[in-house]
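These notes are about the structure you will find just below.
The values are calculated or read from the model by the stated rules, or taken from the named source; none is laboratory data. As the structure is a prediction and not an experimental result, all values here were calculated from the model. Cβ: placed from backbone, ideal geometry, glycine included. Neighbour counts: every protein chain shown.
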Amino acid sequence: MDRIRLVGGNSLLGEIPISGAKNAALPLMIASLLTAEPLVLENVPRLADVNQLEKILENHGVDIAVTGRRALQHEGQRMTLQAAEIVDTTAPYELVSTMRASFWVIGPLLARAGEARVSLPGGCAIGTRPVDLFLYGLKQLGAEIDIDEGYVVARAPKGGLKGGHVVFPKVTVGATHVLMMAATLANGTTVIDNAATEPEVTDLAECLVKMGAKIAGIGTRQLVIEGVTRLHGATHAVVPDRIETGTYAMAAAMAGGDVTLTHARAEHLSAALDVLRQAGVSVDDTPKGLRIRRNGNGLMAVDVETQPFPGFPTDLQAQFMALMTRAEGTSRIRETIFENRYMHVAELLRFGADIKVDGQVATVTGVPQLKGAQVMATDLRASVSLVIAGLAARGETMVNRIYHLDRGFERLEDKLKACGAEIERVTG
Ligand code: EPZ
């Protein structure tokens, strides 16, 4: 099993190109189920989750052609997806259980084929993550829903889904994606209140509009979708990854140095960039990219609470915690989105960090020095927080089980190495 070996202490200097966003690419690929015509996606990142979703979509009858799959240049893959016919409306347990986002096929399958049988995704490392809000929303569009042997069986009424009013009691990215996709082909108008406004939701909405969908209120908490009888093909470039951007910004802040994150979109990351500025990091949005510098000066502790967009993202909580282990003072981090997203704490303690968790709150007191360690993590963002800690730790760090990293970070070790980090992948 591959591992990452790194030796801390080098500052980072240079440029890091930001890839297309995993969490935008996945729903965009799923949107191909809504039309018989080809959907061409550009800037698709080369990630294990993308490969896995290709398999899931092929099972439903999507033909997928990819160029640039193995290329090493920054430009992402170009992927053409065509669901001329939906050949299977079942998403089986074996495929869905490996990736939660694959549950989202339920929306397009139901809207286009009138039925879907999708395995419940089950628990995952960051919490129970129920699907009640997906089911509530689909019922508002007239779907009939049963749970049968671990599967959600959904059927559209005769004549197809109907427009309806969906009011989410809490912000949910996945259910917003699914309801928006389903509503594009429903009869009549759907209103989604308390919709997620994450840039990945906006990216999907913009692609759906290119495909012929009628969506108003994009980027706001209220989406109004007027159903159309069919969608057509389109070409769309995946938005740059704000979480990858924030991760490398924190890596540069941790190691010190001067790094420009090219293709980054600062406006998708304002809350996290403000927090970095408060911590004493210099952040400039330049024509070349997002420039992150920390030269000599120490880091200051800052309190953070995760929130839906435009707040501080839960997907950067672990990385920020790693950074705060070296700050001067005590930082209180409150995780409000997922109930169990602190698995990285036990591993950060192995570096000699001082962190205490009490319910939703982690209290991090900065220490003068971290020491390299053998570590592993059980989810993607937790894993990368260990790399960030390792960049500033004295001696060698070995991050085990890095298949989590490969799910969401394209060529992580190459990108950091190019800026001077001592980091390598150890195979076998
Ligand atoms: C998306 O997950 C992202 N995944 C997550 O990124 C991200 O952490 C999360 O949004 C929040 O920003 C993808 O885009 C593929 P939610 P999602 O529905 O859609 C609760 C990463 O590391 N909820 O917004 O699954 C849920 O339990 C991943 O890249 C219900 O209660 O998240 C959570 O507490 C991890 N019932 C809250 O809502 C439901 O039916 C927000 O979850 C659905 C969700």
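Being of a type outside the set (K, R) and not in a helix (DSSP H, G or I) is a property that does not hold for E94.
Okay, residues lined up against (1) in contact (Cβ under 8 Å) with a residue 60 or more places away in the chain; (2) buried (at least 16 other Cβ atoms within 10 Å of the Cβ); (3) at positive phi:
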site	(1), (2), (3)
R293	no, yes, no
G296	no, no, yes
V302	no, yes, no
D315	yes, yes, no
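Taking segment 1-61 as the region of interest, the strands (runs of 3 or more DSSP E) fully inside it that hold 1 or more residues being basic (K, R) are 3-7.
For segment 33-54, the criterion of being within 14 Å of the ligand (Cβ to nearest atom), more than 17 Å from the chain's Cα centre (by Cα), farther than 18 Å from A182 by Cα and buried (at least 19 other Cβ atoms within 10 Å of the Cβ) is met by no residue. Yes or no: segment 98-112 includes at least one residue that is modelled with pLDDT under 95, of a type in the set (V, I, T) and farther than 30 Å from A65 by Cβ. Checking segment 98-112: not a single residue is modelled with pLDDT under 95, of a type in the set (V, I, T) and farther than 30 Å from A65 by Cβ. Does segment 255-269 contain any residue that is within 29 Å of G9 (Cα to Cα) and assigned to a helix (DSSP H, G or I)? Scanning segment 255-269 turns up at least one residue that is within 29 Å of G9 (Cα to Cα) and assigned to a helix (DSSP H, G or I). In segment 344-362, of all residues being crowded, with 17+ Cβ neighbours inside 10 Å and within 22 Å of P313 (Cα to Cα), the one that is farthest from the chain's Cα centre (by Cα) corresponds to I355. Filtered by the rule that a residue be among the basic types (K, R) and crowded, with 16+ Cβ neighbours inside 10 Å, segment 55-107 gives R78, R100.
Among the conditions (1) away from the ligand (no atom under 16 Å from the Cβ); (2) farther than 26 Å from C207 by Cβ, the only one that K162 does not satisfy is (2). Applying the criterion of being of a type in the set (S, T, Y) and free of Cβ contacts under 8 Å to residues at least 40 places away in the same chain to the residues of segment 264-291, the residue that is surrounded by the fewest Cβ atoms within 10 Å (Cβ to Cβ) is T286.
The residues of segment 141-152 that are at pLDDT 95 or above, surrounded by fewer than 21 Cβ atoms within 10 Å (Cβ to Cβ) and within 14 Å of the ligand (Cβ to nearest atom) amount to a single one, I145. Comparison of T184, T220 shows that the only residue that is more than 16 Å from the ligand (Cβ to nearest atom), surrounded by 23 or more Cβ atoms within 10 Å (Cβ to Cβ), within 25 Å of the chain's Cα centre (by Cα) and among the polar types (S, T, N, Q) is T184. The conditions of being in a helix (DSSP H, G or I), closer than 23 Å to E37 by Cβ and more than 16 Å from the ligand (Cβ to nearest atom) are met by L109. Cβ-Cβ contacts under 7 Å between residues 6 or more apart (or on different chains), taken from a first residue in segment 139-156 that is at positive phi to a second residue that is outside any loop (DSSP other than H, G, I, E, B), are listed as G142/K162; G150/Y93; G150/S119. Total residues in segment 374-428 satisfying the condition of being within 30 Å of A101 (Cα to Cα), more than 25 Å from the chain's Cα centre (by Cα) and not aliphatic (A, V, I, L, M): the figure is 2. Restricting H232, H165 to residues that are in contact with an Asp or Glu (Cβ under 6 Å, 6 or more places away or on another chain), farther than 30 Å from F409 by Cβ and surrounded by fewer than 24 Cβ atoms within 10 Å (Cβ to Cβ) narrows the list to H232. With respect to the conditions (1) crowded, with 18+ Cβ neighbours inside 10 Å; (2) of a type in the set (G, A, S); (3) closer than 22 Å to A389 by Cβ, G227 falls short on a single one, namely (3).
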